[in-house]
Amino acid sequence: MRAVVWKGPGKVSVDEVQDPRVERATDVVVRITTAGICGSDLHMYEGRTAAQPGVVMGHENMGVIEEVGSAVQQLRKGDRVVLPFNVSCGTCFNCTRGYTSACLVANDDAAGAAYGYVGMGPYKGGQAELLRVPWGEANCIKLPGTPGDELEDDFLLLSDIFPTGYHAAQMANVQPGSTVAVFGAGPVGLLAAYSAMLRGAAEVYVVDAIPERLKKAEQIGAIAVDFRKGPPAEQIRNLRLQNPLVRGAMRRGEEKMAGVMCGIDAVGYQAKDFADPSQEDHTSVTEQLAEVVNPTGALGIIGVFLPQDPGGKGQAAKHGEYQLPWGKLWEKGVQLGMGQTPVKHYSLVLRDLIIAGRAKPSFIVSRHIPLADAPDAYQKFDRREPGYTKVLIRPAEQVATPL
């Protein structure tokens, strides 16, 4: 079969690789109809992980079951499924408590596994024509409809970034009426903002500097904050205080709560220096969130931080060690959540919101491409070029279709 293979920093190619097969009785093999290119893939693409050449890429996958193992009872050939990016056994101590992101069985080297990602077990990715899915009944979410229908893009986003955005909102304790600041208007940040609105947030601020992404944020009802115009925390606080309704509702002393109650980091360890966006500042987002989140607020860190970053500034950063404003966070009593999303915990609820027409996460999708165009798409996505906010691969198609 054909698959997208990482060759080294800044280079992927579409190669012929061995077809997957049923290796254990609990496996299924899925013919991929759509796979996403994720911002997390760029960490490997850029050489910012410990990955070795030869990785078959892709952890955002959906398709139709081609083959089932002899022990699989609840799935059959022809079923349409989406695959949470977490590979999980479904029965270990963590999986049975809902923490499929920290499965103790699927990866010999750590708690947690995934398709096509460094350090996440031996599983090939799904930016390919076929994919082996271990523990098929635990790792397949059944879908209605037919491949390529009007819900294809929405369902694909259940593999990772829609549940990830929702998980960020939950970690940040977003409730009806909450005020929220999301740093990063990439796909995850936009879906974190969207999820905050689904959960009833009153005000959602989205921080970025890419006009196309800020415009998307405004289109879903968020307030765009361009960090090129000044420190984001200060901008958000000023916007709130300049609103006569917000200011007029404050009693004495409540101007101390002119920030937001909920903060989300959807950027991670490749954050920009807000004063000079051509440079990285690994902790800039955390520092701004520590400023803008109110006392007794909550912070959800969904942006990726890895223990090994060959491109980090200084030896500490290369080993995932950062100086953070813990004193300020502690003084404010900020609740803090972080880590990978247990996708399956949210998949069924979010799937049913899509089916009911209450959620349409595919607003972020900007382009469909055939498998052969993946190397070009990676390059343009990495450069944040217009039209490459969220790219989906359709292996069976031959021609790209911009939206």
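Summary of values
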| quantity | calculated |
| --- | --- |
| Volume of the Cα convex hull of the stretch 248-403, divided per residue and given in Å³ | 204 |
| Value of D in µm² per second that Stokes-Einstein yields for the stretch 330-403, Kirkwood Rh from Cα pairs, at 25 °C (0.890 mPa s) | 160 |
| Neighbourhood net charge (12 Å Cβ-Cβ; Lys/Arg +1, Asp/Glu -1) for Phe162 | -1 |
| Taking the chain and dividing mean pair separation by its residue count, relative contact order in percent (alpha carbons under 8 Å, at least six apart) | 17 |
| Ranked list, fewest to most other Cβ atoms within 10 Å of each Cβ, for Thr100, Thr283 | Thr283, Thr100 |
| Within the stretch 276-296, backbone nitrogen closer than 15 Å to the virtual label 7 Å beyond the Cα of Arg228 toward Cβ | 276-279 |
| Antiparallel content of DSSP bridges confined to the chain, in %, to 5 | 55 |
| Listed pairs Lys77/Lys142; Lys216/Lys256; Lys7/Lys380 exceeding 19 Å between Cα atoms | Lys216/Lys256 |
| Per-peptide average of other Cβ atoms within 10 Å, ordering 208-218, 324-334 highest first | 208-218, 324-334 |
| Contour excess over end-to-end distance, with Cα ends at Gln379 and Thr283 and 0.36 nm allotted per residue | 32.0 nm |
| Total charge dipole magnitude, the chain, about the Cα centre, Cβ charges on Lys, Arg, Asp, Glu only, Debye to nearest 20 | 820 |
| Prolate/oblate/rounded call for the stretch 81-199, Cα gyration tensor, a/c under 1.5 rounded | oblate |
| Equivalent ellipsoid semi-axes - Cα gyration tensor, the stretch 162-338, angstrom | 25, 18, 16 |
| Whichever lysines have a C-alpha closer than 16 Å to that of Lys313, once near sequence neighbours (fewer than 8 apart) are set aside | Lys272 |
| Considering only the stretch 162-338, percent of DSSP beta bridges that pair antiparallel, nearest 5 | 10 |
| CD proxy at 222 nm, helix term only [per DSSP H run n ≥ 4: -39500 (n - 2.57); per residue of the chain; nearest 500] | -7000 deg cm²/dmol |
| Computed E for Ala202/Ala356 - FRET, C-beta separation, R0 22 angstrom, nearest 0.05 | 0.40 |
| Descending semi-axes in Å of the stretch 100-162, equivalent ellipsoid built from Cα gyration tensor | 25, 12, 11 |
| Calculated FRET value between Met250 and Gln52, using beta carbons and R₀ = 41 Å, to 0.05 | 0.15 |
| Contour minus Cα-Cα distance for Ser13 and Asn238 (0.36 nm per residue) | 76.3 nm |
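We did not get these values from a lab; they are worked out from the coordinates using the rules stated. Just so we're clear, the structure is a prediction, and the values are computed from it rather than from any experiment. Neighbour counts are summed over all protein chains in view; Cβ atoms, including those assigned to glycine, are modelled from backbone coordinates with ideal geometry.
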